[in-house]
Amino acid sequence: MTELMSASVAADGDRWTLIFVRVLPHPPEKVWAALTDPERLSQWAPFEATRDLSRTGATTLTMVDGPDRTDTPANVLRAEAPTLLEYTWEQDLLRWELAPEGDGTRLTLRHTFADRGEAPSYAAGWHLCAAVLERLLDGDPVGVIRGREAAAHGWEELRAGYAAKMPA
């Protein structure tokens, strides 16, 4: 099994927050661009953005699963380059924190959502996305892995591993 990333889940009022950490061997400015530029975002994330996410305000994130596309409302609440990006994704909240670590970046994602049972699934999905992101930043893109396609890349095994790591 692929080594699990640092991930935990914590109560956040009547919601839950998945805290997912990955150290990337790239400077925060380069990671920031991959998080905010729609062209780069579409190469690693589970969605595409209709605009650059480096400024606050409403936008649309389009979930892509093979030929299926679903528009979801989003709102960029904070965009403090290159250290903090926070936006809603339907009812969820994604908060990306970037901190220098050596020559790279410590990327912390705080994904807040309603159903505690979804934590392992989200962790598995973000795990695959982070792996694709790292390859993209390395200049060796492998192509986006999302939706049903994730099953062919170990998503179920990752989900089971995170479920064992984060028991309910």
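What follows is calculated from the coordinates using simple rules that are stated; it is not laboratory data. Since the model is a prediction, treat every value here as computed from it, not as a measurement. Cβ: placed from backbone, ideal geometry, glycine included. Neighbour counts: every protein chain shown.
Converting phi to 3J(HN,Hα) with the Karplus coefficients 6.51, -1.76 and 1.60 and the offset θ = phi - 60°, the stretch 151-168 yields 4, 7, 10, x, 4, 5, 5, 5, 4, 5, x, 5, 4, 5, 6, 10, x, 5 Hz in sequence order, with x at every glycine or proline.
Once Rh for the stretch 1-135 is found with the Kirkwood sum over Cα pairs, what is the Stokes-Einstein diffusion coefficient at 25 °C and 0.890 mPa s, in µm²/s? So the translational diffusion coefficient is about 163 µm²/s.
Sequentially through the stretch 61-76, phi angles give Karplus couplings (6.51, -1.76, 1.60; θ = phi - 60°) of 10, 9, 5, 10, 9, x, x, 7, 10, 10, 6, 10, x, 8, 9, 6 Hz, Gly and Pro residues having no value and appearing as x.
Between the stretch 1-66 and the stretch 145-167, the C-alpha centres lie 17 angstrom from each other. The Cβ shell under 15 Å around T17 holds other residues with a net charge of -3, Lys and Arg each +1, Asp and Glu each -1. Calculated FRET efficiency, E80 to T50, Cβ-Cβ distance, R0 = 25 Å: about 0.75 to the nearest 0.05. A helix-only calculation puts the chain at -7500 deg cm²/dmol for mean residue ellipticity at 222 nm, using -39500 (n - 2.57) for each DSSP H run of at least four residues, averaged over all residues.
What do you get when you divide the Cα radius of gyration of the stretch 73-120 by 2.2 N^0.38 Å, with N the number of residues? Ratio of Rg to 2.2 N^0.38 Å for the stretch 73-120: 1.30. Counting only Cα atoms, the size of the stretch 68-157 along its three principal axes is 33, 33, 25 Å, in decreasing order.
Lys and Arg at +1, Asp and Glu at -1: add these up for the other residues within a Cβ distance under 15 Å of L93 and post the number. Around L93, the charge tally is -4.
For the pair E101 and E3, a Förster radius of 25 Å applied to the C-beta separation gives a FRET efficiency near 0.85, rounded to the nearest 0.05.
Over the chain, Cα pairs under 8 Å with separation of 6+ residues give a relative contact order of 26 percent. The mean of 1/r over all pairs of different alpha-carbon atoms in the stretch 1-73, once inverted, gives a Kirkwood hydrodynamic radius of 14.6 Å.
Mean projected area of the Cα convex hull of the stretch 43-97, taken over all directions, amounts to 3.8 nm².
Fully extending the segment from T108 to R15 would add 31.6 nm, taking 0.36 nm per residue of separation and subtracting the current Cα-Cα distance.
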